[in-house]
1. Which of the residues belonging to the range 136-177 are of a type in the set (A, V, I, L, M, F, W, C) and within 17 Å of Glu250 (Cβ to Cβ)?
2. Would you kindly identify the strands (runs of 3 or more DSSP E) lying entirely within the range 243-346 that contain at least 2 residues that are surrounded by fewer than 22 Cβ atoms within 10 Å (Cβ to Cβ)?
3. Quick check: anything in the range 315-324 free of Cβ contacts under 8 Å to residues at least 12 places away in the same chain and under 18 Å from Ala233 (Cα atoms)?
4. Take the residues in the range 174-194 that are assigned to a loop (DSSP other than H, G, I, E, B) and among the small types (Gly, Ala, Ser), then tell me which one is modelled with the lowest pLDDT.
5. Only residues that are surrounded by 22 or more Cβ atoms within 10 Å (Cβ to Cβ) and out of contact with any Leu (no Cβ under 9 Å at 6 or more places or on another chain): list them for the range 116-141, please.
6. Would you confirm whether any residue within the range 195-210 is basic (Lys, Arg), assigned to a loop (DSSP other than H, G, I, E, B) and not assigned by TED's automatic domain parsing to the domain that holds Leu292?
7. From the list Ala349, Ala362, which one is without any contact (Cβ under 8 Å) to a residue 60 or more places away in the chain and over 29 Å from Gln27 (Cβ atoms)?
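The values are calculated or read from the model by the stated rules, or taken from the named source; none is laboratory data. Note that the structure is a prediction, hence the values are computed from the model and not measured. Every residue, glycine among them, receives a Cβ derived from its backbone with ideal geometry; neighbour counts consider all protein chains shown.
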Amino acid sequence: MSAAVIDTTLQTPTPVAIANSAPRATQRVLHIVNGEHYAGAERVQDLLALNLPHCGYNVQLASLLPGKFASCRRSQTTPLAELRMSSRWDLRVVRQLLQLIRTEQIDIVHAHTPRSALVGAIAAQWADVPFLYHLHSPTSRDSTHRLRNWLNEQVEQLSIRNAARLIAVSPTLIDHVAALGVPREKVTCVLNGVPALDGATPRPRPVGPWVIGMVALFRPRKGVEVLLEALAALRAQGADVSLRAIGGFETPEYEADVKSLAAKLGVADAIHWTGFTREVNVELAAIDLLALPSLFGEGLPMVVLEALAAGVPVVASDCEGVAQAVETGVNGVLVPAGDACSLATALHAVIAGEHDYSAFSAAAIARHAEKFSDTAMARQVAMVYAEVIR
């Protein structure tokens with residue numbers, strides 16, 4: 001879609017004056033996200049809604065698609081406007097967002113996905129308020145669908161050209177937006193963060209069967225097939241190990257394909273598919289290792305940070321922002337993406353005691369406390385807001 005199409009599809013409405021001559025002590029921010037899932041971007045937005053008020057910013061939420069966000073979010077007391085965008089080109093919601101911005105006297109519009117960037121940027125421009133965009137993953141490598149990736153990248157590139165500031169969740173994403181023509185000085189890296197886990201202490205080395213966990217919205221780029229092959233290799237070596245797969249599937253067709261592969265590899269009886277849960281910490285308490293076999297498209301995975309907070313060592317693919325959180329030989333092991341043999345070897349090394357499990361666990365908790373708390377994330381986002389408003 002070109003800018004010309006946007007201009008001829010919707011005409012800019014006549015500005016409406018808002019009586020707001022006296023400065024307010026608390027600024028108001030509108031966060032916009034897709035909303036059909038409760039995954040990384042939605043969880044970041046949820047945590048910001050909980051923590052930004054402590055930094056002087058009240059939050060108004062808006063979702064563009066019906067789905068899990070409304071029911072799963074923890075920020076239930078934060079106002080949420082549920083809009084219904086029928087397609088990625090349905091720009092009718094722009095007027096609804098504009099009305100929301102004016103009614104709630106919004107000072108900043110903050111979008112989290114290409115779809116929300118498209119409508120949020122237009123609404124913010126009409127309302128004459130600053131627009132910010134949060135990059136959670138590289139859009140050009142967000143899925144295995146090349147056309148969808150290309151379309152999303154075009155939408156993103158069009159929408160962020162007039163953004164006041166961009167926030168990237170890892171340094172690798174700064175390179176991504178620089179390739180889209182965004183000056184690097186407009187991009188601030190704010191690492192994702194999650195809450196500390198009350199009473200988290202280093203875990204002792206497991207005794208008995210080992211449980212490997214994977215937490216994800218299961219879709220092709222998450223690489224669960226690689227983990228299934230690694231699980232089969234481990235069991236063939238005699239390792240007493242099982243997999244706890246936590247999360248839902250993107251489509252029923254993909255679920256059928258993955259479970260068919262598990263049966264073919266002879267590991268179906270060693271896998272417990274839990275389905276979607278919002279109680280990730282409860283699930284982390286039931287596993288001994290977290291595996292993240294992603295093939296590509298990771299900004300800074302929230303589940304890795306939650307594992308660190310819970311003291312769960314991580315074995316993960318060395319792709320994009322994952323290395324910001326996992327350091328081989330310190331709190332986990334990084335392996336080449338898509339390499340089932342290397343993944344099985346790394347998992348076996350931890351299980352066999354080649355690494356100090358308790359030391360990994362202690363280092364994980366310390367790493368989270370040092371760099372990845374939700375309060376630190378909110379404070380840094382608030383600093384970006386302050387710069388933009390100033």
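1. The answer is Leu147, and nothing else.
2. 271-275
3. No, because not a single residue in the range 315-324 is free of Cβ contacts under 8 Å to residues at least 12 places away in the same chain and under 18 Å from Ala233 (Cα atoms).
4. For the range 174-194, the residue satisfying everything is Gly181.
5. Phe131
6. Yes: the range 195-210 contains one or more residues that are basic (Lys, Arg), assigned to a loop (DSSP other than H, G, I, E, B) and not assigned by TED's automatic domain parsing to the domain that holds Leu292.
7. The match here is Ala349.
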